[in-house]
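J.: First the structure, which I've put down as structure tokens, then a few questions once you've had a look.
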Amino acid sequence: MEVSTTLDLYPDTTVSMVLFSGVTNGSEVRKKIMDGTIEAAVINAQMICDPFQVLVAVNKAVHLDKLDKKKTKTVFGEILFNLSPGNNILAAYQKFGVQDAERQDVLVVLLNDLQGQQLQQVSNIIQGTRIPLESLRDIRDEQQIIKLFKISEAERRVGRLEDVVVCRMATKDAG
Amino acid sequence: MADKMEDSPSLAVQQSRERGSGDSSVSSSNMAEIPTVVQIIERQAASGESSAAGGGTGPPGSLHHPGFVLFKQGAEARLYRGTFLGRPTVLKERFSKKYRHPRLDEKLTTKRTQGEARTVARARKAGIPTPCIYFVNYQSNCIYMEDLRCATTSRDYIVAVQSVGAGDSFRALQPIMDKIGKILATMHDGDIIHGDLTTSNIMLKQDASATDPEVVLIDFGLSSVSQLAEDKGVDLYVLEKAFLSTHPNTETLFRVILKSYTKHSRKSKDVIKKLDEVRLRGRKRTMVG
């Protein structure tokens, strides 16, 4: 259920991703993130095409964190910011962070949780069911993603949706 | 040979396609049969050789890029192959030129890296297939991008088709030239100047599930944005020169590209006019003195 990868460019960083379905206490989770109890990126799973997209966002966040050039305050906030097409941090949190909905699916990203302790703590707080990461493809809301990223038909045809989004993410600050 | 002459060219191409893509022995036993794009891709994958690879095993990236292997060194950048977040990746590293003043050098190199990333994004928005960029490191001027699988350069394919020496090579290459013309038209209509159009920078991608090869443009390192017909004309001129010098006796093939370009571009008239002008006078030649 939990998928762990090491970042090729930063081998001292391990990334864990877990998918929770039917989360009912979104507001509580958000409060705990803001007060620092939860140290993780809790992402609105509907806005994610593929785990690769998340890894790309994490890689960039860790890269900027090491250079102390993040746009946001924490590496987890930076992950959310990287996922977003725009430069407005608040908008990124609102669209890609945990929502105010009664029920939602969230993807939790943890860093260097080698003993699994952080995951344990997060699981105790989040009221939802853990499901396989593969289910992410069924949860993704393509229409919403296309609309938010303003992906034209021509651009959509260039490749898979996750590649279109990843390329946008990677070239966002190129001007 | 008499039998071959009686077959219609399209049948010969269809037969070689039906023979199966994995059967590389077919090309050696049937010298007059034109290879398909898929066959060339597989042949290159098996032998690890292509004009794009320049030799499979090169010195590893050592200190700077563990897990990446150098495979090409150009005037501006080094290319490495490796894996990034589970995906086959090409790393393009722009290096500093020691003869430049360090601060200027840093700015220039970063500007070029940024420009390349920006143009790739712009090209994709216009619908031009390019490798997907995964990550840009502006500190080290490294671009990590998709390593195109199941692809070959149009250069390698044209060479392979021509080397077979069959009379119907034109028929086999024409649809591809058509596609190239269309992509270039879309690119120029989006006011994107590639800046280094050669048959090595025009890739042909075709995986197992595809019925036709797809044209993918690479290397936007010298690209720019311009509405001027002159710049677009020069872009085509550069391709024409590269095309005709690399592939002898291909004037008719290049004309297919131009015809397709004219058909698919909304602004082709002025561009072709400029192309003719540039052909007459040559590039960067002022008629003074």
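Every read-out reported here was derived from the displayed coordinates using simple, explicitly stated rules and does not represent laboratory data. Just so we're clear, the structure is a prediction, and the values are computed from it rather than from any experiment. We place every Cβ from the backbone using ideal geometry, glycine too, and count neighbours over all the protein chains shown.
J.: I need the Kirkwood Rh of the range B:68-191: take the reciprocal of the average 1/r across all distinct C-alpha pairs and report it in angstrom.
T.: This gives a value of 16.9 Å.
J.: If I histogram all Cα-Cα distances within the range B:175-289 using bins 5 Å wide from 0, what percent of pairs lands in each bin?
T.: 2, 12, 21, 26, 20, 11, 5, 2, 1, 0, 0, 0
J.: For a test of the definition: using alpha carbon positions, the gyration tensor, and the 1.5 limit on a/c, classify the range B:109-152 as rounded, prolate or oblate.
T.: Taking the square roots of the gyration eigenvalues as a ≥ b ≥ c, the range B:109-152 is oblate.
J.: Which of the lysines could be linked to B:LYS107 by a straight reach, that is with a Cα gap under 17 Å, when you skip same-chain ones fewer than 8 residues away?
T.: Hits, sequence-local ones excluded: B:LYS97, B:LYS98.
J.: In addition: Determine by what factor the alpha-carbon radius of gyration of the range A:9-55 differs from 2.2 N^0.38 Å, reporting the quotient.
T.: Dividing the Cα Rg of the range A:9-55 by 2.2 N^0.38 Å gives 1.33.
J.: If you don't mind, another one. Quickly work out the B:SER47-to-B:LYS273 label distance, labels modelled 7 Å from Cα along the C-beta direction, and quote it in nm with one decimal.
T.: Label-label distance for B:LYS273 and B:SER47, simple model: 4.7 nm.
J.: Please go through the range B:187-289 and write out the trypsin sites (Lys or Arg not before Pro) that DSSP classes as loop and that have at most 12 other C-beta atoms within 10 Å.
T.: Here the sparse-neighbourhood loop sites are B:ARG266, B:ARG283, B:LYS284, B:ARG285.
J.: Please turn the phi angles of the range A:100-111 into ³J(HN,Hα) values with the Karplus equation 6.51 cos²θ - 1.76 cosθ + 1.60 (θ = phi - 60°), one per residue in order, whole Hz, x for glycine and proline.
T.: 8, 5, 5, 9, 7, 10, 10, 10, 9, 10, 10, 10
J.: Taking a threshold of 27 Å on the Cα-Cα distance, which of the pairs B:LYS92/B:LYS274; A:LYS95/B:LYS182; A:LYS31/A:LYS70; A:LYS71/A:LYS150; A:LYS31/A:LYS95 fall above it? Don't jump to the answer; show the numbers that get you there.
T.: Numbers: B:LYS92/B:LYS274 33 Å; A:LYS95/B:LYS182 38 Å; A:LYS31/A:LYS70 22 Å; A:LYS71/A:LYS150 23 Å; A:LYS31/A:LYS95 16 Å.
Check vs 27 Å cut-off fails for B:LYS92/B:LYS274; A:LYS95/B:LYS182.
J.: Distances longer than 11 Å among the Cα atoms of the range A:61-106: what percent of all pairs is that?
T.: Pairs farther apart than 11 Å: 64 percent.
J.: For A:ILE43, which sequence-distant residues (separation of 5 or more, or a different chain) have an amide H within less than 5 Å of its own amide H, given hydrogens modelled in the peptide plane?
T.: Distant-sequence amide H within range of A:ILE43: A:LEU107, A:VAL108, A:VAL109.
J.: Shape of the range A:84-175 from its Cα gyration tensor (a ≥ b ≥ c, root eigenvalues): rounded if a/c is under 1.5, otherwise prolate when a/b > b/c, or oblate?
T.: Prolate is the answer for the range A:84-175, as a/c is 1.5 or above and a/b outweighs b/c.
J.: Which value results when the Cα radius of gyration for chain A is divided by 2.2 N^0.38 Å?
T.: Normalised Cα radius of gyration, chain A: 0.97.
J.: Summing -39500 (n - 2.57) over the DSSP H runs of n ≥ 4 in chain A and dividing by its residue number, what mean residue ellipticity at 222 nm do you reach, to the nearest 500 deg cm²/dmol? Don't skip to the end; give the middle numbers.
T.: On the way: 9 runs with 77 residues, N = 175.
One gets -12000 deg cm²/dmol as the mean residue ellipticity at 222 nm.
J.: While we're here: Taking every pair of alpha-carbon atoms in the protein assembly as shown, give the share separated by more than 41 Å as a whole percent.
T.: 27
J.: Roughly what would the spin-label model give for A:SER152 and A:LEU114, points 7 Å off Cα along C-beta, in nm?
T.: About 4.9 nm, to one decimal.
J.: If you don't mind, there's one more thing I want to ask. Tell me the trypsin sites (Lys or Arg not before Pro) within the range B:94-128 that lie in a loop according to DSSP and have at most 14 other beta-carbon atoms within 10 Å.
T.: Sites meeting the loop and neighbour criteria: B:LYS97, B:LYS98, B:ARG100.
J.: Can you tell me the length gained on complete extension of the stretch B:PHE170 to B:PHE95, counting 0.36 nm per residue apart and subtracting the Cα distance? Working shown, then result.
T.: Values: separation 75, 0.36 × 75 = 27.00 nm, distance 4.09 nm.
Gain on stretching B:PHE170 to B:PHE95: 22.9 nm.
J.: Let me ask you something else. Return the long-range amide H neighbours of B:THR89 (sequence gap of 5 or more, or a different chain), with a cut-off of under 5 Å between placed amide H atoms.
T.: Here the answer is B:GLY82, B:THR83, B:PHE84, B:ASP147, since their amide H atoms fall under 5 Å of that of B:THR89.
J.: Which FRET efficiency value, to the nearest 0.05, do you get for A:GLN94 and B:SER224 by plugging their Cβ-Cβ distance into 1/(1 + (r/R0)^6) with R0 = 41 Å?
T.: For A:GLN94 and B:SER224, the calculated efficiency is 0.65.
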